[in-house]
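For reference, the structure is listed below as structure tokens.
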Amino acid sequence: MFKKHVTLSVVLGLLAAAAAGCGGTDKENGAGSGAADAGGGKATDTIDKPVTIDITDAGGTTADQLDALFGNAIRKKFPNVTINYKLTNKEIRLENLITAGENIDIYTRSIGSFFNEVPVFKFQYDLSAMVKTYGLDLNRIEPSLIDSMKNNADGQLWGLPVFNTNLVLYYNKDIFDKFGVAYPKDGMTWPQIYDTAKKLNRTENGVTYVGLALSGQHQIKLNSLGMPYVDAKTGLSTYDDEKWKKIFEPLYVPAEDPGYRSFMAAKGDKVADSQDFYDSKAAMLGTIQHHAGNANFAKAGFNWDMASYPTYPDSPDVGSQSYPTYFAIPSFAKNKDDAFKIIKYLLSDEFQTEASKAGNMTVLKNPDIQKAYGTNAYKGKNLQAAFHNKFAPVMRKTPYDADVEKAATQHIVNLATGKIDINTALRQAKDQADKKIAELKAK
């Protein structure tokens, strides 16, 4: 078993997911257990014979964390299943497992890397026929999560979403109370957040505070306009599109305030980030959801809460893109049917409800399951903010995205300090990105 060490604190927010019990109803699982298969027989949802299911997660998650997230629940639901984790690390990479002929029955990966790996290593397998055979009702799932898969997989289903997340706005109630500023509310637009942030860019008793910190990478990667990094027709970067100016605006407009500049100067010309929020210096933090099991939130010495991610005034109901984790069955998997039965169970109301209670954002449209979000561990927190906005269309993915993204994010600090203007930054980003794409295509 290969393991990669990451902070064990993530497990804490996931433990309750393992409590998913046995035997959901046919309706909860999306169909009866007797869906007709292609041969006219019956496809059941049970696993009646002992089987070892090889699961690979290439995201750096440990076996203990995966057990807490879904492994223990799978064993409880399917007593005949033995799980064998084949995890990657710096020495053992995904390509090593594939080259060595290792079996993988289920492959899990977030959307940010899924399409950089599955088609590149050529183990994509369309699950569409199995969805029909086993009667899995895809209409129960948030549509954007299925659309994003099909749009990036030539209309096929190379994987199914089991977990999801998006961008939200965390805030420190204590800082707002200290300066008598009203808390952020769901549905606020970027201009409204800019105004709120200005009121909190101040220094008191030798401590410099900043109103807003943002994760620049996530603001770009999960942009609410659904802008892709690479144009499908030209094969070149899209940084010459005017929409990118709108996407980058929140990364430098708040920094134009003298109070924000003072904060940056105190940090050695660095932008406000998540650590400033954890240190009770940033009043708001716009980023991907990460409170579940995060040690920084668990030991936070302040009262935090959450609001929906800011939106643009011309599309006030559209938030960020979703960021799902897909479960795929590789083309070379030895136990495809049993693997699919497991994935179907993970998409049941039964499992999704328990996972939601534990603080894992559901992929289902079921409002009751959404309302259960975080109720086991985060009572009193406005976690429903995560569902306030509509999801933006998920951008088209390419193997070049990581390099194209870096060509732009490298300019964030200079944009905030005013050392470069947005037109110059995007022009330089496009030049660098296009050269990198050509270089990669030539290999």
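Here is the figure for the range 82-140: residues that are outside any loop (DSSP other than H, G, I, E, B), more than 25 Å from Ala402 (Cβ to Cβ) and aromatic (Phe, Trp, Tyr) total 1.
Take the residues of the range 367-399 that are out of contact with any Lys or Arg (no Cβ under 7 Å at 6 or more places or on another chain) and farther than 22 Å from Thr287 by Cβ: which is modelled with the lowest pLDDT? Per the stated criteria, the residue is Lys379. With respect to Ala272, determine if the residue is modelled with pLDDT under 95, touching a helix residue (DSSP H, G or I) at 6+ places or on another chain (Cβ under 9 Å) and not in a helix (DSSP H, G or I). Considered against the rule, which asks whether it is modelled with pLDDT under 95, touching a helix residue (DSSP H, G or I) at 6+ places or on another chain (Cβ under 9 Å) and not in a helix (DSSP H, G or I), Ala272 comes out as no. Listed by position, the helices (runs of 4 or more DSSP H) contained in the range 330-443 that have at least 1 residues being small (Gly, Ala, Ser) and buried (at least 20 other Cβ atoms within 10 Å of the Cβ) are 336-346, 349-357, 401-409, 412-417, 422-442.
Of the residues making up the range 400-440, those that are free of Cβ contacts under 8 Å to residues at least 12 places away in the same chain and over 23 Å from Val253 (Cα atoms) number 4.
The values are calculated or read from the model by the stated rules, or taken from the named source; none is laboratory data. Since the structure is predicted, the reported quantities are computational estimates derived from the model, not experimental observations. Here the Cβ is made from the backbone with ideal geometry for all residues, glycine too, and neighbour counts use every protein chain on show.
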